[in-house]
Every structure is written in structure tokens, then in C-alpha cells.
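I have placed the structure first, in the form of C-alpha cells, so that the comments after it can refer back to it.
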Amino acid sequence: MKLPIANDARDWSDDRHAMAYDNPQFWDGAHLQSELHRVFEICNGCRLCFNLCPSFDVLFRRIDALDPHREEAEGKHIESGRIVEEHEAGELLKHVKVSTENPVGLLQDADKERVVELCYECKLCFPKCPYVPPHEFAVDFPKLMLRAKMIGAREDGIAFRERFLGATDLVGSVMTKVAPLANAAAHNSFNRMLMEKTIGIARERQLPNYADESFLTWWSRRAPVPQNGSQPVALFATCFVNYNDPAIGKDAVSMLERAGCNVDCPEQVCCGMPKLDGGDLEGARKLARQNVETLLPAVREGRKIVSPGPSCTLVLRTEYPELVPTPEAREVAAAVMDLSDFLLHQARSKRLPKPPEGTLGKVAFHVACHNRV
């Protein structure tokens, strides 16, 4: 089924190429506005994602509020609770105006900016949407929101909050050195008020604690373990594991080694997702190049790159070939697996030792949004 999208016979599938970072059209503000209008029209006609995230909720509510014929279409122009006789209904229908004007065209710049701002790149709309490439409509809502953020960052500069949140390695390496002080400050009401006013992080937002030793520091001083495993893997620890919860990484190493894996942890930096979310394309590309350079030798040794963070897995697998359009980046991306997927493969191959009977019980596993994508 095709939705009525304006009166335009254009082949919209050609526009997917405009979403490539190195295409000059990607940075064309007028083309962006045209694409926002086109995609918002399609989304408004479909509304399958109405309850997925704040972006869609705000978008659809605003479109409905701007629709000049909404009350008439819903019958609200008729006195509430009154029974309308058949002859009266026929007379009322004669005065109903049929309009082909799409209320999406009434959205203001501030409305569009609010929709973009509220997208936190969970990307759940992508696997749910029936119009993603290779469909002729070529709708990629998360990439469009990311594009709008990047153009905004190029035109207006990257906000201090986004620079701060994107500097995960710099901030994390400092905070782990003063973890007790950093954690106390993060839970102090006065400091949270200052953070809200200066950086823009809401005082109600729960912040993760910093560990007093990073995972990579622990790895560097860890006693060597005989590497007799039949399955060589390289662990991409992620910033959260490295600076906030190293226990996840330690448990991952333990589990992989028990599953007969030869584990290594190459030099690595942030995957770049925080910088992408803040519109800092060049910052994300710099980190991607560093990781491709340090992970490539492990890949060429035959190692799978496994990550305990689905968001990092997603960036390494799907964004790196676009951020760094080289054969080496594609080679690294092809070797990346989420840790949960890797362990599932190990279990299906009968390589994962089972716990003793009755020690584990039933487990409910929540599949992360980015893992679904």
C-alpha cells in the first residue's frame, strides 16, 4: 500500500544517497527541510510508531493541534451527547469541507527542532517501519534526526553540554582518579543545580558512579592467563564498563574464558556514539579511525570483536563503514558481535558450559533496543 505523499512523482529512493556523510547534499539545509517535511508526512499517514518515543508523540500531537479540520473530521463540531437524526446527518455532511491540505506543512521550525531534540537514537522505529530502504520511500527516521543535529552543530556550533558528554575518555579518566569525590559531587543537590544551569544536565537525572579503577587498568595489570582457547576473541569494553562498572567486563572475561575462548583486550577508545548524538561528526570519525587502526590486527588474527554494550556494538557494526569508508573499517565492522549474540552462538555450538542443575533458575533477558536494531 502506498501512502498519498503530496503530488510528486519523484523517485524518493534516490534520496537515500543524500544521507551519506560525504555527499554535499547531506549538508544542504534546504534539502534537509524538504526531507523532514517528506518523512513527517509519511509518518503522519502511518503512525505505527506513535508510542515508541517522545519525538513521535510530540510530532503527532502537534500535527493534530495544527489541523484546521480536526474537530470537523472527528465530529466535534456537533453538540456533544446529542443524537443526530439521519436526515440531519445528511444535511450536516453537505457542509463538511474536504481539504487536501496536509497539516504537516503548518509545522514551524521550532516544532521540527523539538522533534529532533527529543530523538535519543534508540532507533526502534527503524525495525518497526515498513518504509525503510530498500522501500521506495527510503525512510530512515533516526538517520534523518542525526543529520539535522549535525547540520545544526555545523551552523551553530556544538553545545558545551554535548562536548562534555562526548568527551567520555577524558572525563572518565579524570573521574576514576578522584572517584569518591566525583561520586559525592554527582549526588550533591547544590552541585546538581550548578550542573543543570552550566552544563544542561537535569538535576533529577540519575548519574552513574565512577569506579576507582578502570577496566583497562585492571586488564593491564592482570596476571597472564594461559591462552589455550579454541575461539580467539577481542573484548571491546565500552566506556560505561571501563569507567563506571568494570565488574561487567571482568565477568565477561571470566565467562568467555570458561567458554573456551582466547581473550584479548586491544587498545581502544570510545566508539564515538556520544559524539554522534551531539552532532560532532568529525569527533566521531577521529575515534572511529583510532579504533579501526587498533582493532584491525586482532581481526586479522582471526578474533571476533565482542562488546557487552549493544549501543557500541551497533556503532562499530553499522556506523563505522560510513564514518570511515575504507575496506579496513568494513573488515573490522564485519567481525563485531554483541557479547549476548556471541554467547548464544557458543551455546548453540555446545561450547558454553552449563551451570550445575538448579543453581541458576529461570532468567528473564531484556533484549536492548540497539540489539534489536
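The values are calculated or read from the model by the stated rules, or taken from the named source; none is laboratory data. Keep in mind that what you see is a predicted model, and the values were worked out from it rather than measured. So basically every Cβ, Gly included, is an ideal-geometry build from the backbone, and we count neighbours across all protein chains shown.
Listed here are the residues, each with its yes/no results for (1) outside any helix (DSSP H, G or I); (2) crowded, with 18+ Cβ neighbours inside 10 Å.
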residue	(1), (2)
GLU113	no, no
LYS123	yes, yes
MET145	no, yes
GLY152	no, yes
GLY172	no, yes
PRO180	no, no
ALA185	no, no
ALA202	yes, no
GLU213	yes, no
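In the range 231-243, is there at least one residue being closer than 19 Å to PRO353 by Cα, surrounded by 19 or more Cβ atoms within 10 Å (Cβ to Cβ) and modelled with pLDDT of 95 or more?
Yes, the range 231-243 contains at least one residue that is closer than 19 Å to PRO353 by Cα, surrounded by 19 or more Cβ atoms within 10 Å (Cβ to Cβ) and modelled with pLDDT of 95 or more.
Checking the condition at negative phi and crowded, with 19+ Cβ neighbours inside 10 Å, which residue from ALA347, ALA333 passes? Quick ask: steps written out before the conclusion?
Working: ALA347 fails: crowded, with 19+ Cβ neighbours inside 10 Å.
Unique residue meeting the criteria: ALA333.
Say we look at the range 110-134 and pick out the residues that are over 15 Å from the mean Cα position of the chain (by Cα) and without any contact (Cβ under 8 Å) to a residue 40 or more places away in the chain; which of these is farthest from ARG38 (Cα to Cα)?
Checking each candidate, the answer is ALA110.
Is it the case, given these coordinates, that VAL253 is outside any helix (DSSP H, G or I) and either within 15 Å of SER307 (Cβ to Cβ) or assigned by TED's automatic domain parsing to the domain that holds ASP338 (or both)? Let's see the steps before the verdict.
On the way: outside any helix (DSSP H, G or I): no; either within 15 Å of SER307 (Cβ to Cβ) or assigned by TED's automatic domain parsing to the domain that holds ASP338 (or both): yes.
The answer is no for VAL253.
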